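Below you'll find the structure, written out as structure tokens, and then a few comments.
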Amino acid sequence: MRARVAFAAGVAALVAAATITACSNDSTKHSAPRNTQVLPGDYSGSGPGTLVAAQPLTTVDPELSGLTSISARITYVSTSGINDSHPKVTGTVFLPKGKAPDGGWRIIALANPGSGIQSDCAPSSSPSLLGLLPTVRLMVGAGYLVAITDYQGLGLAETYHPYLDSTTEGFNLIDLARATRKLVPEASTNWIAVGTGQGGQAAWAAAELATDYGGGLRPQGAVALAPTAALEWLADASAAGNLNHDQEVMLQHYLAVMPQAYPGFPIEDYRRGVARDHWDTLSACRGPAVADRTNLLATLDPHDLGPSTPAATDALRGYLRKATLPQAPAAAPMLITAGAPDGLVPPDQTAAAVDKACAMGDVIDYVANPDDADALGWITDRFNGVPAPNTCGGATTTSSTPTSTASAKTDDTDQSTPNTEEVTATTPATQQPDSDTEQPPARNEPPPAPAPAPAAANNGDGQ
């Protein structure tokens, strides 16, 4: 009971930290060089889920190190939801001390709650894991193998971070679980995706993508706390100048990477005044620049950031629609909570997204007040095969639908032998795909054509 109470407190803190200005304000310095020792693992293969590198994580908190037999920073291969390329992604893995339980170490794949868009904004580069340390410590203490994805573009400077692209985030999280099994041979194929804010979006997306992607894994559920799942509203709200400061930072981060994700995107249609003049400062995630960003937000005119014309609003709405969830039925039950009324996503938008997912047949335990969510208890029940609560339809029920085995298949990108342990999750019955594809075609639809560039554009710092 004490562990559950502590975890609930950790979850509440994590939800509170799911504002970009909070969770990215990390003042720790990168003073210690990374360990060059190579940990043993299965480095074979080349496709998504391949383990590329693994080194001891020597900068992590000593208390967490005392709980683990492995604390590692890993590099693995994943898939871009923008162009289907296979970039390298970094993350961290924490294996509890002791003997693996029957069936192997059950995996919690934890998604970064939204630490920024620059390459140095990765949790793996911070001794505090950019605020995730208490949550990881509690999960490891509960006996779970915990892995955190930095996301594409965070932790490595060789690519960019496609901020809020739900498909990329979902792929990154699934491939993290696959790569973790390459590092820890005693790992189970059973896993649960967990995240808050942007991480909640990633966990939800992973639950949807797991039907067709991630061979050799058996998803048991997803925990999406205050997820940035519903996004289309952001276009009209920003056009009207109705964003709070955290939402302004979220939109700025999203817009800042758009020219890299979609060359030709007319960035000048979406920034003016203070926002344009101090664009790079608004993108900061570490050090004194974060304080400068906070001061800038106080002087930002509501109309300095956002679409300048109805055509630009329509174009932005179309791009956001590509990342908005739900997009397909989930392969496992989900625990979803709303965020705070003044958080990143209005609670009514999250509730509407949940209603759409329910209409797709998903099994969802929706909790309007995140303080009422027993995330650890929910996770434990899913791993133990307890029928999942289902609040879809307005009545609290438990799911008794058959277990989905779509994601337990193998493919040529996962060289490890699938675990033959019994699948214990209770998941919604979904229509199986006709082909053995690794990427749902609906998520690859091209975005709308960019709005026309303005007749005259000012020059300034930034993209």
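What follows draws every value from the coordinates through simple rules; no lab data is involved. What you are looking at is a predicted structure, and each value in this text was computed from that prediction instead of being measured. Neighbour counts run over all protein chains shown; Cβ positions are idealised from the backbone, glycine included.
Could you please rank Ser65, Ser78, Ser119, placing first whichever residue has the fewest other Cβ atoms within 10 Å of its Cβ?
Ser65, Ser119, Ser78
From the Cα gyration tensor of the range 103-182, with a ≥ b ≥ c the square roots of its eigenvalues, which class applies: rounded if a/c is under 1.5, or else prolate if a/b is larger than b/c, or else oblate? Taking the square roots of the gyration eigenvalues as a ≥ b ≥ c, the range 103-182 is oblate. Each of Glu186, Glu268 has some number of other Cβ atoms within 10 Å of its Cβ, and from fewest to most they run Glu186, Glu268. Its Cα centre serving as origin, the range 240-393 has a Cβ charge dipole (Lys and Arg +1, Asp and Glu -1) of approximately 480 debye. Taking a ≥ b ≥ c as the square roots of the eigenvalues of the alpha-carbon gyration tensor, the range 233-322 is classed prolate because a/c is 1.5 or more and a/b outweighs b/c. The range 145-222 and the range 313-340 have their alpha-carbon centroids 16 Å apart.
Between Leu156 and Asn295, how high is the FRET efficiency from 1/(1 + (r/R0)^6) when r is the Cβ-Cβ distance and R₀ = 30 Å? Nearest 0.05. With a Förster radius of 30 Å, E is 0.50. Placing R0 at 22 angstrom, the Cβ-Cβ distance between Asp277 and Ala311 gives a FRET efficiency of 0.35 after rounding to 0.05. The listed peptides 81-90, 242-251, ordered by packing as a protection proxy, come out as 242-251, 81-90 (highest mean of other Cβ atoms within 10 Å first). With point charges of +1 on the Cβ of Lys and Arg and -1 on the Cβ of Asp and Glu, referenced to the Cα centre of the range 266-317, which listed residue (Val290, Leu300, Gly273) lies farthest in the positive direction of the dipole? Value computed over the given set: Val290.
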